[in-house]
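A.B. asks: Pasting a structure below so you can have a look.
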Amino acid sequence: MSKKIFSGVQPTGNLHLGNYLGAIKNFVELNNQKDNECIFCVVDLHAITTKQEPKELKKNIRETAATFIASGIDPKKSIIFNQSMVPAHSEGAWILSCVSRIGWLNRMTQFKEKAGKDKEKASIGLYSYPVLMAADILLYDATHVPVGDDQKQHLELCRDIAQKFNNDFNAPGFLRFPEPLIQKEFSRIMSLKDGLKKMSKSDPSDLSRINLTDDKEQILNKIKKAKTDPLPMPSESNNLSQRPEVENLLGIYSSLVNQNLEKSMYEFDGKNFSEFKEKLSEILIEKIEPISKEIKKLLNDEKYLDGILLEGSQKADKIASKKIREIKELVGF
Ligand code: AQP
């Protein structure tokens, strides 16, 4: 069965291995499947839920588009565009925010994590972000949404919003319930410095993540400095959860070579960490360095990248503006 795929990445700089293994790698596989219709969005409206420097934002929008292409998404086959170029996203978010309940949003754990202790100072946008995300998905009648594990709760909320809209406006089946596509294994990549913290763009320490623009030397250095523990390489997964940094590094390795954790443990059983880290760096360089080089090359051609985003936005707008017209009709506008 052909799938309608929608997913997005925020242009907030420092795209990293977590974004790649948790989301973008999956985008590429879906793009390559014959009958899929794929839409990949640079979600710049989401990015401004936290303060962005305008010049940096512009640069990061191009860099995110370049990362999609450099990772293997073919812009001729998939739509690549940036969200702010399609007005239906903002309109849809407002209408759906009038359908959504405050109690639902209060349960979102990502807001609690991102807003930190001082919730009063977080932007309203950061709080209502999942409603905009619901609009993004529902405007395209997406059937499947490839995301990292951290977005699962937002996808469930999206389904609740769709159901309530359909009930409130007596339109059964009008907004389509999307399925999340979350990898069974290695769907949450952790910081190289703290195995209990998600690898993230905003971590102040660059050593906590492998950026997709890192070169060979940077990768070698980061893996050399990645936290491990004094115990030998594990031979079984029983007590691995008590060794989060080791579990994370083994998970990264397994995901890159497409094998399960057990097989990786077997491969390095009895070996020391330096040997494992050497092999991990090798495979990371093999996979990431070509992407990094291609991103840098594409960034030198702003005209090409802007052309891809403009063309993608026009195609996306055609789909989304039709859906928003139907939504407005149902609402009574
Ligand atoms: N560490 C991760 N492991 C697996 N998947 C991840 N994703 C993000 N971090 C990890 C997935 O990448 C996609 C795009 O993410 P985003 O652009 O929405 O940003 P985010 O989730 O807010 O990423 P960060 O790095 O955590 O940003 P900051 O530091 O700004 O909060 C999503 O599918 C996400 O699941």
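A.B. asks: For the pair residue 77/residue 315, report the inter-label distance in nm, with labels modelled 7 Å from Cα in the Cβ direction.
C.D. replies: Those two pseudo-labels are separated by 1.2 nm.
A.B. asks: With each label point set 7 Å from Cα along the Cα-Cβ vector, what nm distance links residue 275 and residue 112?
C.D. replies: Between residue 275 and residue 112, the label points sit 4.4 nm apart.
A.B. asks: Would you mind estimating how fast the chain diffuses translationally, via Stokes-Einstein at 37 °C and 0.692 mPa s with the Kirkwood radius over Cα pairs, in µm²/s?
C.D. replies: Translational diffusion coefficient: 157 µm²/s.
A.B. asks: Shape of segment 54-98 from its Cα gyration tensor (a ≥ b ≥ c, root eigenvalues): rounded if a/c is under 1.5, otherwise prolate when a/b > b/c, or oblate?
C.D. replies: Cα axes put segment 54-98 in the oblate bin.
A.B. asks: Which value, in debye to the nearest 20, gives the size of the charge dipole of segment 199-333 about its Cα centre, when Lys and Arg are +1 and Asp and Glu are -1 at the Cβ?
C.D. replies: Dipole magnitude for segment 199-333 comes out near 480 debye.
A.B. asks: Compute the accessible area per residue over the chain, keeping the other protein chains in place, probe 1.4 Å, unit Å².
C.D. replies: Accessible area per residue, the chain: 50 Å².
A.B. asks: Another question about this same structure. With contacts defined as alpha carbon pairs under 8 Å and 6 or more residues apart, what's the relative contact order of segment 206-297 in percent?
C.D. replies: After rounding, I find 42 percent.
A.B. asks: Still on this structure, I have one more. Using 16 Å as the cut-off for backbone N distance, which residues of segment 74-118 belong to the label zone defined by a point 7 Å from the Cα of residue 196 along Cα→Cβ?
C.D. replies: The answer is 113, whose backbone nitrogens lie closer than 16 Å to the label point.
A.B. asks: Another question, if that's okay. Using the charge dipole of the chain (Lys, Arg: +1 at Cβ; Asp, Glu: -1 at Cβ; taken about the Cα centre), state which of 69, 105, 124 has its Cα farthest towards the positive end.
C.D. replies: Toward the positive end, the furthest listed residue is 124.
A.B. asks: Peptides 72-78, 86-92: what's the order by average Cβ count within 10 Å, highest mean first?
C.D. replies: Ranked from most to least packed, the peptides come out as 86-92, 72-78.
A.B. asks: If R₀ is 41 angstrom, what is the calculated FRET efficiency for the pair residue 35 and residue 266, using the beta carbon separation as r and rounding to 0.05?
C.D. replies: Working from the Cβ atoms, E equals 0.65.
A.B. asks: Let me ask you something else. Can you pull the accessible area of residue 308 for me, 1.4 Å probe, Å² to the nearest 10?
C.D. replies: 30
A.B. asks: Ranked highest first by the average count of other Cβ atoms within 10 Å around their residues, in what order do 230-236, 145-151 fall?
C.D. replies: Highest mean packing first, the order is 145-151, 230-236.
A.B. asks: Of 21, 284, 240, which has the largest mean-square fluctuation in a 10 Å C-alpha GNM of the chain?
C.D. replies: 240
A.B. asks: Which of the aspartates and glutamates could be linked to residue 297 by a straight reach, that is with a Cα gap under 15 Å, when you skip same-chain ones fewer than 8 residues away?
C.D. replies: Hits, sequence-local ones excluded: 63, 214, 215, 289, 306.
A.B. asks: Could you pull the accessible area for residue 181 with a 1.4 Å probe, rounded to 10 Å²?
C.D. replies: Accessible surface of residue 181 is approximately 40 Å².
A.B. asks: Still on this structure: Specify the inter-centroid distance of segment 120-135 and segment 228-303, based on alpha-carbon positions, in whole Å.
C.D. replies: 34
A.B. asks: Would you mind telling me which residue in 228, 12, 109 has the biggest mean-square fluctuation in a Gaussian network model of the chain, where springs connect alpha carbons within a distance under 10 angstrom?
C.D. replies: Result: 109 has the largest fluctuation of those listed.
A.B. asks: Within the accessible area of the chain, what % is carbon and sulfur when the probe is 1.4 Å and the other protein chains stay in place?
C.D. replies: The C+S portion of the solvent-accessible surface of the chain is 51 percent.
A.B. asks: Only Cα pairs under 8 Å and at least 6 apart count here; give the relative contact order of the chain as a rounded whole percent.
C.D. replies: 23
A.B. asks: Moving on to the next point. List the residues whose amide H sits under 5 Å from the amide H of residue 189, counting only those 5 or more places along or on another chain, with H placed 1.01 Å from N in the peptide plane.
C.D. replies: Counting only residues 5 or more places away or on other chains, the set is 199.
A.B. asks: For the pairs 58/114; 25/58; 117/222; 121/152; 25/277; 225/287, flag any whose C-alpha to C-alpha distance is greater than 27 Å.
C.D. replies: Violating the 27 Å limit, Cα to Cα: 117/222.
A.B. asks: A further question follows. What FRET efficiency would be calculated for the residue pair residue 169, residue 124, taking the C-beta separation as r and a Förster radius of 30 Å, to the nearest 0.05?
C.D. replies: Efficiency for this residue pair is about 0.75.
A.B. asks: Using a ≥ b ≥ c from the Cα gyration tensor of segment 47-183 (square roots of the eigenvalues), is it rounded, prolate or oblate, where a/c under 1.5 gives rounded and otherwise the larger of a/b and b/c decides, a/b for prolate?
C.D. replies: Since a/c reaches 1.5 but b/c is at least a/b, the shape of segment 47-183 is classed as oblate.
A.B. asks: For residue 242 and residue 55, compute 0.36 nm times the residue count separating them, minus their Cα-Cα distance, and round to one decimal in nm.
C.D. replies: 63.0 nm
The values are calculated or read from the model by the stated rules, or taken from the named source; none is laboratory data. For clarity, every value in this text was computed on a predicted model and none was experimentally measured. We place every Cβ from the backbone using ideal geometry, glycine too, and count neighbours over all the protein chains shown. Areas reflect the complete protein model, heavy atoms only, side chains present, ligands, DNA and RNA absent. Shrake-Rupley method; radii C 1.70, N 1.55, O 1.52, S 1.80 Å.
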